[in-house]
Amino acid sequence: MAKRCFRLKKGKEIEKVFKSGKRAFSQTITLVYFPAKQTRYAVCVGKKHGKSVERNRIKRYLREAFAPFGKKIRPCSVLLIPKVQEDGHYSVSLFARDLGKIFGKEKLIES
RNA sequence: CGAGCGGACUGUGCAGUCGCGGCGUGCCUUUGAGCACGAUGAGGAAAGUCCGGGCAUCGUAGGGCAGGACGCCUGAUAACGUCAGGUAGGGGCGACUCUAAGGAAAGUGCAACAGAAAAUAACCGCCUCUUAUGAGGUAAGGGUGAAAAGGGGAGGUAAAAGCUCACCGACGGGACGGUAACGCCCCGUGCCGUGUAAACCCCGUCCGAUGCAAGUUUGGGUCGUGUUCAUGCGGGCUGCCCGUCCGAACACGGCUGUGAAUAACGCUUGAUCUUGCCGGUGACGGCAAGGGUAGAUAAAUGACUGCAUUCGACAGAACCCGGCUUAUAGGUCCGACUCGGUAA
RNA sequence: CGCGGGGUGGAGCAGCCAGGUAGCUCGUCGGGCUCAUAACCCGAAGGUCGCACGUUCGAAUCCUGCCCCCGCAA
């Protein structure tokens, strides 16, 4: 589910989601989503998160955390934006937990 | 044994489960942004973008000006601002190390404060002649300063002074050694003059511009290149000048739309890596054999478990190379390298 | 990937090209004026000149290498 074919790629699409999508928040992640035909996602990690090694790690963690939800939720375009943790600690389990919370709260999980 | 100097290397590994990128092969009454299997997949700095090239396009770089870079010598190299070996001058007891190290007699500028004076020297002095003083000689001594007109010694003198002498330094000439920088020796000149060129500058060498988002290909409509006629304006070609090229008809190219930093190519076999031999003090070069080595594009290497007692630093390719610079835990090795101590 | 600009007391800026004294405005502190506050007047404190190396007798200034911030083009 983390494969490339489920990625949201084009700048216009991302802009569309960013402008007209709904937002949901948790301690570690800001999530923007918009209904679509197929579930696709994009990861957005800014320069404030550190050097490229650090940013790449965060992206990996986010993708891995998102993968199990890919087929469970209603199809939509999703942007994942991590928040800056002051202690520099990020982990898959934390991201997965918060994603679960958000999807539950927004009632996106299909029965 | 202790302290150091120089150089080289490494940059977690193995096993299991899950997961990702492109590649190859196969599969299909789900031909797709599919599935399975296989081998493969970041660095010594991939970084900073500080230099030099390759490559590509524009062009024809022919000349001059402007601008920039470099600057002991010889070599290495595709090239360099890099590297190697040497010279000179600093630093260290030493192994060793550092140095943008041409020209101040082409010209211009600057040298605060102090000091008489910061560059056609003369304040206090010293000496001679005159006598409240003035004129002349002089640069040893004093004082100021970062720097004061070769150094300190002997002779010499009214007092002095390269005025004279030897030594050292400087400059000029010659011989010898060295490819050269330069070294060394001999002879001569009493030494007409400070520092600063990382101040302008002069001399020598070199430099076309733009950068893979360069650029190429595919497809519909409108304008451009080669050939033939015309030589004025304006425009393009490097910042400027000289110089040089363009407008209408036939075959081929630009602009615009689909069209979005699209798709494909460029895109990885290369000044390649490993090993051996040969040449060279060395940088490096030559030959032979072998290896097949990331090519993504909202952008791939991780998570968990076990073992190795502890696993850790800096850090992620984006056209590619050669360097430089900077970051870097822990560890390994080499040296007919140094100094000190101890023992034989 | 390619360029440009900047870093000086607490804040905003001069000084750098052309090297010797770091200055201005606001703020801060003390005093005065006022019944009191503001304004105003007088006085004072406060700066490793981003970091390091070099050139120079001497560096905020010149050279070289780094660090950080801001901006531009495709």
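Within the stretch A:12-58, which residues are modelled with pLDDT of 80 or more, in a loop (DSSP other than H, G, I, E, B) and either surrounded by 11 or more Cβ atoms within 10 Å (Cβ to Cβ) or within 11 Å of RNA strand B (Cβ to nearest atom) (or both)?
Passing the criteria: A:26, A:28, A:44, A:45, A:51.
Mind checking which residues of the stretch A:59-72 are of a type in the set (A, V, I, L, M, F, W, C) and surrounded by fewer than 18 Cβ atoms within 10 Å (Cβ to Cβ)? Step through it out loud before you land on a result.
Applying the first criterion (of a type in the set (A, V, I, L, M, F, W, C)) to the stretch A:59-72 yields A:62, A:65-67, A:69.
Scanning the stretch A:59-72 gives a single hit, A:67.
The values are calculated or read from the model by the stated rules, or taken from the named source; none is laboratory data. Please read these numbers as outputs of a predicted model, since none were measured by experiment. Positions of Cβ are generated from backbone atoms using ideal geometry, with glycine treated the same way; all protein chains shown enter the neighbour counts.
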